[in-house]
Amino acid sequence: MTRHQRLPKALTLTLTCLMVTGMATTTRADVVAQLSARESYVGMPITLYVQVSGQGSGQAPQIPEIDGLKITQAGAPSRSSQVSIINGRRTESSSVTYAYRVTPKRAGIFQIPPLVVNTTTGTARTKAIRFSAAKSETGDLMFAEVTGQIGRAH
């Protein structure tokens with residue numbers, strides 16, 4: 001074979017490999033954890049959201065017991081999926097969001113450690129999250145002060 005005859009075969013093989021790898025979609029799951037607030041008061045819950053997105057979503061995360069915190073599940077998981085077809089190319093994405101009520105039992109700085117989520121494609125971890133809780137000075141009371149000016153009638 002001459003050099004010009006081998007070039008189309010090599011080019012065809014290279015383009016085929018690029019097309020196959022380009023059409024492959026990611027199968028790993030991404031896991032992100034976030035809090036509804038970075039500061040709270042003793043006895044006042046904040047919400048921990050754990051979102052598992054990608055095609056490998058699986059089981060709910062295991063939330064460890066943390067000294068000084070009461071953590072309970074806040075309802076059923078929220079599920080979302082999206083299908084896009086652009087120029088004949090189909091892409092799919094889905095996510096599951098788990099919500100947990102985190103209630104500080106005492107004042108202090110707390111850290112929720114990295115959470116482990118078992119997915120159909122392996123194990124994924126979140127980053128650790130820190131937040132603080134203070135003792136409320138007013139308890140359940142709220143103070144309000146209304147000020148204004150009295151204008152003259154014309």
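Tabulated data for the structure shown
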read-out	value
Surface/4 estimate of mean projected area, convex hull on alpha-carbon atoms of the stretch 31-138, nm²	7.9
Aspartates and glutamates whose Cα lies under 16 Å from that of Lys127, excluding same-chain neighbours fewer than 8 positions away	Asp30
Straight-distance crosslink candidates among aspartates and glutamates, where the alpha carbon sits under 20 Å from Lys105 and sequence neighbours closer than 8 are dropped	Glu39, Glu65, Asp67, Glu137, Asp140
Compactness of the stretch 80-127 - radius of gyration and Dmax, Cα, Å	17.6, 56
Rounded FRET efficiency, nearest 0.05, which uses the C-beta distance separating Ser53 from Arg106 and R0 of 25 Å	0.15
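We did not get these values from a lab; they are worked out from the coordinates using the rules stated. Every value quoted in this text rests on a predicted model; they were computed, and no experiment measured them. Every residue, glycine as well, gets a Cβ built from its backbone with ideal geometry; the counts of neighbours run over all protein chains shown.
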